[in-house]
Amino acid sequence: MCGISGIINKQDLAVEAAEIKAMNNAISHRGPDGEGSWFGASFALGHRRLAIIDLGETGKQPMSYKDRLVITYNGEIYNYIELRDELKSKGYEFNSSSDTEVILAAYDCYSTDCVKRFNGMWAFALYDKLNGLIFCSRDRFGVKPFYYSDSGARFAFGSEIRQLLPFIPERKVNRSVMADYLIAGLDDCSDETFFSGIRKLPPSHSLVYDLRKNVYKITRYYSIRINDRIKGLTEADSAAEFRKVFEDAVKLRLRSDVKVGTCLSGGIDSSSVASLAAKHYSKDEGNRFSAITARSTEPQLDESSHAALVASESNLDWHTVTPVSGEFIRDIDEIIKIQEEPFGSPSVYMQYRVFREARERGCTVMLDGQGGDEILLGYERYYPAFLLSKGILKGTTGFLLSFMRSKLSAGGLFMYILYFTIPGVRIRRLRNRFFFVRDSFFMSLNKGLLVENAMAYKDIGKLQQLEITKMQLPHLLKYEDRNSMSQSVEARLPFLDFRVLETALSVNDNYKIKDGWTKYLLRVSMKGSVPPSILWRKDKLGLNAPEKTWLGEMNDVMQETISRSKILEAVTYTDRLRGSFEKLDLRVKWRLFNIARWEELFDVAY
């Protein structure tokens, strides 16, 4: 796990060493174990190293191969051992035990199709001397970031936005991205960022830059595949199929030459990962598997008692951290800088503290349950899609069971159905809720995305794919990457093994939500490994921060910061905003504050 940098000079001039070094220095937190650079005639590649596999000199990057390939790479190819054996059978020889060299050999053997053989997370740039190109790729679901800017004279890319700020003419906010975030609470729904002029390579895509013509092309290499065989399996066979591939995904992600631990919230996803990892890690390492939990100071949001049960049952080396309001207020600027763009809620800080604790306890690699909700229908807002697929009779029965098996009331569930399936209702409600936003700015809201989301509720499979590719997963992965890498920790996500994801999406819809139980497939497949009281919980909490306490104590600071914002002054009726501020809900206050403070910290103009 590392950080990458790159500059291509379109005027065929050499890149200054100081420029690529500055890009590397900007992401030193991503790779404290080493730095490297490689220079071509009109381009340069940079790298910061976090040593995970092959800790010696043979694993250093940028790495050269056969005097015609050079790579700078961030990520892990979990099936690198199997791929290396496959390539050895074709006559390839290896000088290291790293997965980086396997990528180079795979490209030499399979060209750009090599990425289709990888099981992992990655963002890399590979120079092909023979063909005069740089081949860039990002993993299937965007676990690892790849940002780029094309300023006319130079094409630059990197692992974080901060590396590219010197390459854009001016720092201006992307108005449409900000509208989606502020009004609809959506971000990372496209290849655009909050900074005009900086984009990201979409997940499942590769970018080939032709150095001779100074042009590039972005193409998709992967789409989610639905397996009809799995769709036809019985409930028992579906659970067995999922358990088999999920357990293998966890085992693959334990491959490491450094200490591995896991994030444990106490929910079903993280408990499943922790339970399986503990079993296999203990067998391989001969010691207890480490787990870290963030406690909430608001009892109704605290899941640590559930985490304690899992830790006891699985004999985990369990540690907790309890962030308090004073620490959050002290660290908020640092978190905004780490995330680089406005983010959804203060819960991001809870995750940050888990990774900080991991680093202090020597866990360089941490497993996490990210992705479980999206691939297994874990959110209560998925109920409408499930009910609409059942017809009138079964839908009515399902309606009754759904609010019995969740925190939702019957009225709340009915409102979910209206809000998420009728885009006009959602848009009108947003217009009323954000009455203080100028009409011209409200028009920047991507209403087409809300319509697309509503239409997807007619088909559970389409809804899952939309959640994975646009609506939900991308921003969660961004938070995870920034929080973990800020502490020089690698986060690994078993639920986003493409085999696990495709199996979950291929299963018959009747086993995705059953008798009102979300994540039904995971609940039955993990029987015997996770305590029943965890598996059949109805109170989904997630990694929630005590927002009421924290933001309550920040209320005056937030209001003052918002009042200084030139960006918010341009997009809101400031008199309406000032007059109604105390009546706004916490999430709206947070988004307004987050935009205003981000504006100041990154010196962004409207």
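Take every pair of alpha-carbon atoms less than 8 Å apart whose residues are at least six positions apart; their mean separation over the length of the chain yields a relative contact order of 16 percent. Against the empirical curve 2.2 N^0.38 Å, the C-alpha radius of gyration of the stretch 555-602 lands at a ratio of 1.02.
Given their separation in residues at 0.36 nm each and the Cα-Cα distance between them, LYS538 and TYR221 gain 110.2 nm when the chain is fully extended.
Remark: the stretch 2-220 projects, on average over all directions, an area of 11.9 nm² (convex hull of Cα atoms).
By other beta-carbon atoms within 10 Å, ranking LEU466, LEU45, LEU584, LEU13 with the fewest at the front produces LEU13, LEU584, LEU466, LEU45. Modelled spin-label separation between ILE329 and THR112, with each label point placed 7 Å from Cα along the Cα-to-Cβ direction: 5.4 nm. Taking the helices alone, the chain has a mean residue ellipticity at 222 nm of -13000 deg cm²/dmol, built from -39,500 (n - 2.57) per DSSP H run of at least 4 residues and averaged over all its residues. Computed 3J(HN,Hα) for the stretch 585-596, one whole-Hz value per residue from the Karplus formula 6.51 cos²θ - 1.76 cosθ + 1.60 where θ = phi - 60°, is 6, 4, 5, 5, 4, 4, 5, 4, 5, 4, 4, 5, glycine and proline marked x.
Of the peptides 419-426, 495-502, the order by per-residue mean of other Cβ atoms within 10 Å, starting with the highest, comes out as 495-502, 419-426.
Listed from fewest to most Cβ neighbours within 10 Å, the set TYR148, TYR281 follows the order TYR148, TYR281. For the stretch 124-271, the percent of C-alpha pairs falling in each 10 Å distance bin, counted from 0 to the bin holding the largest distance, reads 9, 25, 29, 24, 12, 2.
Could you calculate the FRET efficiency of LEU586 with TYR379 from 1/(1 + (r/R0)^6), where r is the beta carbon distance between them and R0 is 25 Å, rounded to 0.05? So, using R0 = 25 Å, E works out to roughly 0.80. Ordering ARG212, ARG587 from the fewest to the most neighbouring beta carbons within 10 Å gives ARG212, ARG587.
Here the spin labels are modelled as points 7 Å beyond Cα on the Cα-Cβ line, and at ASP237 and THR574 they lie 6.7 nm apart. Remark: the SER176-SER151 segment gains 7.0 nm on full extension, using 0.36 nm per residue and subtracting the alpha carbon distance. The phi torsions of the stretch 456-471, fed into the Karplus equation with coefficients 6.51, -1.76 and 1.60 and a -60° offset, translate into couplings of 5, 5, 7, 8, 4, x, 5, 5, 4, 5, 5, 5, 6, 9, 9, 7 Hz, rounded to whole numbers, with Gly and Pro shown as x.
No lab work stands behind these numbers, since they all come straight from the coordinates. Only a predicted model underlies this, so the values are computations on that prediction, with no experimental measurement involved. Glycine also receives a Cβ, built like all others from the backbone with ideal geometry; neighbour counts cover every protein chain displayed.
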